[in-house]
Structure formats: C-alpha cells, structure tokens
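Here is the structure we will look at, set down as structure tokens.
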Amino acid sequence: MRRANTDVVPDQRERFFLSRELEPGESPERAFRLGMSQWPSEDVAPGFEAFLRPQIKKRVAARPSPRSRVLVESGLPEAYLRDLHSHPGCIFAYNYYPPTGGSARDAPQWGFAPHSDYGSFTILLQDDVGGLQARNAAGDWIDVPPIPGTFVVNVGDLLARWTNDIYVSTLHRAINLRSGARVSIAFFLYPNNRAEIRCLETCIRPIIRRATSRSCPENTSMR
C-alpha cells in the first residue's frame, strides 16, 4: 500500500482535460492524445460541449504569430515558430478551485502550488475572483489580477530550452482566499508531435539563470 507524502499539503483543485480534434487527413499516430476528448453527456452538462468545442478551436488559431516578439528578438525567420506549431499538441484544462480560507503567508493551502508549465506557451483565462500570482525577475511574488477581455500568456519550459533561457518559463501559483469558488481555463500549447527540440541556432550562448527560473521557494513543491 502506497503512503501519501506527509511533507506536502495537497493542492485543492479539480481539473477536467480536453484537447483539439484531429484535422482532416491528420494521422492519429502522429497526434498524441488528440481527438480523444471525453465529453459529459448533454443531460449532465447542457450546452457544455457546444460551447467549449469552438473555444478550443479559437485557442488553436491563436497560436504564435509569425510576427511574434519571440521571433523578432531571436532573429528567426518569420515562418519558423509557426511551422513548428502547424499541427500543435494542446491541452485545454478547466480548473475549479474551492474556497479554502487559507493564507498566502502561513502554511498555505494552495489551489496550485508554485510551478512552471511544460510546453511552449500557456494561454490562461481567469474569472473575476483573482488569486493568481507570478514571480518576477527580482524574485518577488506579484498578483496577476484578472482584467476583463484579456488573457494571461505564460512562457513554458520548452520555449525556455529552445531559447537557451533568453525567455524564462514563468513560475506561478494560485490560491483562493475568497468565500466562493474560483474557475480558470488554461490552454497549454505544444509543438508538432515530431518537432526537434534543441537550442535555436540564434540563441546559442552561455545560459543566464534568472530569478524567475524554475526553482521553487523553500517548503513548496513543483507540480
């Protein structure tokens, strides 16, 4: 019988994962876990599937632009990043955080403990409850307040490796201190299934470690 890790307070959240559908002519063998979403029945969640399917398509369409700042600053051809995400992998995560009544200062009951994301980019939509924090270049935790009509975009670990830490993945965390539940929707973007992951030729230089790198504060755990 496996014992729970008694040194770590478990995060308080529930997650429901979805992904995009296969595109016409796309081979399932080359598309890891795509087209395999299991939707709740209409009796259980009326309108849920009809609403979220086009939302996932919109997120896929919003993948990196040929004129993105990453391309401009890395000196890469315009089509480079776009082509690597021409048939992207993705995870669409619906996150539910119950109220905890915890404190961000003492023995926090995290909704999501400090962590960085694995992929290229994350596009996050928050509700109006708040509770998201990110660590800046000075090593300070700052609030990321919800702003109507906007998304939060995080750099992921993979893009940090690609760019030799010119772009550093964002260490962030979530805690719900409100009396009501918190909901967020995260879209995790990954490159094509067989993309080669190596340091970009224009980014080859000694690695510069910054305060926002993927290290965790004491007494917290990576997720």
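We did not get these values from a lab; they are worked out from the coordinates using the rules stated. Everything numeric in this text was worked out from a predicted model, so none of it was measured.
Some points to look at:
- Couplings 3J(HN,Hα) for the range 189-196, derived from phi with the Karplus relation 6.51 cos²θ - 1.76 cosθ + 1.60 (θ = phi - 60°), are 9, 10, x, 3, 4, 10, 5, 7 Hz, where x marks Gly and Pro.
- Multiplying the residue separation of Asn193 and Tyr118 by 0.36 nm and removing their Cα-Cα distance gives an extension gain of 25.6 nm.
- Under 5 Å from the amide H of Phe121 lie the amide H atoms of Gly156, Leu189, each residue being 5 or more positions distant or on a separate chain, with H modelled from the backbone and absent for Pro and chain starts.
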